[in-house]
Amino acid sequence: MTGKVDDAALDALFREARTYSKWQAKPVSDQMLHDLYDLLKLAPTSANAGPARFVFLRSKESKERLRPALAPMNVEKTMTAPITVIVAYDLRFYTQLPKLFPHNTGMAKLYENNPEMVETTARRNSSLQGAYMIMAARALGLDCGPMSGFDQMKVDEEFFAAGKPCFGCDQEFFPEGHVKTNFICNLGYGDASSLFPRLPRLAFNEACSIL
Ligand SMILES: Cc1cc2nc3c(=O)[nH]c(=O)nc-3n(C[C@H](O)[C@H](O)[C@H](O)COP(=O)(O)O)c2cc1C
């Protein structure tokens, strides 16, 4: 425990941070993407499994592969973003548990025999990891534009279908692919002049209870 972070950090992470649709013409370096992952990977997941997988799209060619899957309202903001991340999850995440959770050898077996638990764990924890990514990006001075307005089947087919190179895995035995898209997120340096006023949030009493 290091105590409370200062107001500047709270502003950067929460109070001043916004969702962006327009971007400054400022690139995001490979080093920045490494720094981003090196932070987000440290945040907690079930059994330390880290089921999320991240595909960073920067090239025009890779963005064009995504375009047909995007909802019309998300096309322009995505094509102009310096980076678009596909936040996905690997349904074979448990094969990494001997490395990531070595003190409990039974854990991988537990998942191996329970596809429902695999799906639930992968979705829950990749969503968390996507949120960690947003907060890590803000901590590094980047802005985000998360999106669920896209056709998941189309993204999965285009980027994770069987036979396509997929995180070094042999996809042969997974006819539909074993990596699935959770959400996508634009990354870059936002154009603050494009922002509208912040929308309201539920008050404590509307969203929380203390029992
Ligand atoms: C998972 C998720 C999906 C979203 N999907 C879309 C989307 O498809 N298109 C869009 O324009 N905004 C999308 N948003 C943006 C939200 O509307 C925005 O984050 C919210 O209104 C808060 O805005 P603020 O951060 O500026 O306060 C999404 C946000 C999240 C977290």
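The values are calculated or read from the model by the stated rules, or taken from the named source; none is laboratory data. All values reported here derive from a predicted model rather than from experimental measurement. A quick note on method: Cβ atoms are made from the backbone with ideal geometry, for glycine too, and the neighbour counts reach across all protein chains shown. Accessible surface is based on the protein model in full, side chains and every heavy atom, while ligands, DNA and RNA are left aside. Shrake-Rupley method; radii C 1.70, N 1.55, O 1.52, S 1.80 Å.
Let's see how each residue does on (1) over 16 Å from Tyr189 (Cβ atoms); (2) touching a helix residue (DSSP H, G or I) at 6+ places or on another chain (Cβ under 7 Å); (3) of a type outside the set (A, V, I, L, M, F, W, C):
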site: Lys4; (1), (2), (3): yes, no, yes
site: Leu42; (1), (2), (3): yes, no, no
site: Asn74; (1), (2), (3): yes, no, yes
site: Thr80; (1), (2), (3): no, no, yes
site: Arg92; (1), (2), (3): yes, no, yes
site: Lys99; (1), (2), (3): yes, no, yes
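Condition first: open to solvent by 50 Å² or more (accessible area, probe 1.4 Å), assigned to a loop (DSSP other than H, G, I, E, B) and modelled with pLDDT under 95. Can you find one or more residues in the stretch 131-141 that meet it?
Within the stretch 131-141, not a single residue is open to solvent by 50 Å² or more (accessible area, probe 1.4 Å), assigned to a loop (DSSP other than H, G, I, E, B) and modelled with pLDDT under 95.
So which pairs qualify, if the first residue must be in the stretch 106-123 and polar (S, T, N, Q), the second must be in a helix (DSSP H, G or I), the Cβ gap must be under 7 Å, and the two must be at least 6 apart or on different chains?
Thr121/Ser46
Kindly indicate whether any position in the stretch 15-30 is within 16 Å of the ligand (Cβ to nearest atom), surrounded by fewer than 13 Cβ atoms within 10 Å (Cβ to Cβ) and free of Cβ contacts under 8 Å to residues at least 24 places away in the same chain.
Checking the stretch 15-30: at least one residue is within 16 Å of the ligand (Cβ to nearest atom), surrounded by fewer than 13 Cβ atoms within 10 Å (Cβ to Cβ) and free of Cβ contacts under 8 Å to residues at least 24 places away in the same chain.
Of the conditions (1) assigned to a helix (DSSP H, G or I); (2) among the charged types (D, E, K, R); (3) touching a residue at least 24 places away in the same chain (Cβ under 8 Å), Arg53 clears all except one; give me its number.
(1)
Anything in the stretch 31-48 that is among the hydrophobic types (A, V, I, L, M, F, W, C) and open to solvent by 90 Å² or more (accessible area, probe 1.4 Å)? List them, or say none.
Once the filter is applied, which keeps residues that are among the hydrophobic types (A, V, I, L, M, F, W, C) and open to solvent by 90 Å² or more (accessible area, probe 1.4 Å), the stretch 31-48 yields only Leu42.
Give me a count of the residues in the stretch 142-156 that are more than 10 Å from the ligand (Cβ to nearest atom), in contact (Cβ under 8 Å) with a residue 12 or more places away in the chain and surrounded by fewer than 19 Cβ atoms within 10 Å (Cβ to Cβ).
Residues that pass the stated criteria total 4.
What's the number of the only condition in (1) more than 16 Å from the ligand (Cβ to nearest atom); (2) outside any helix (DSSP H, G or I); (3) within 23 Å of Ser126 (Cβ to Cβ) that His34 fails to meet?
(2)
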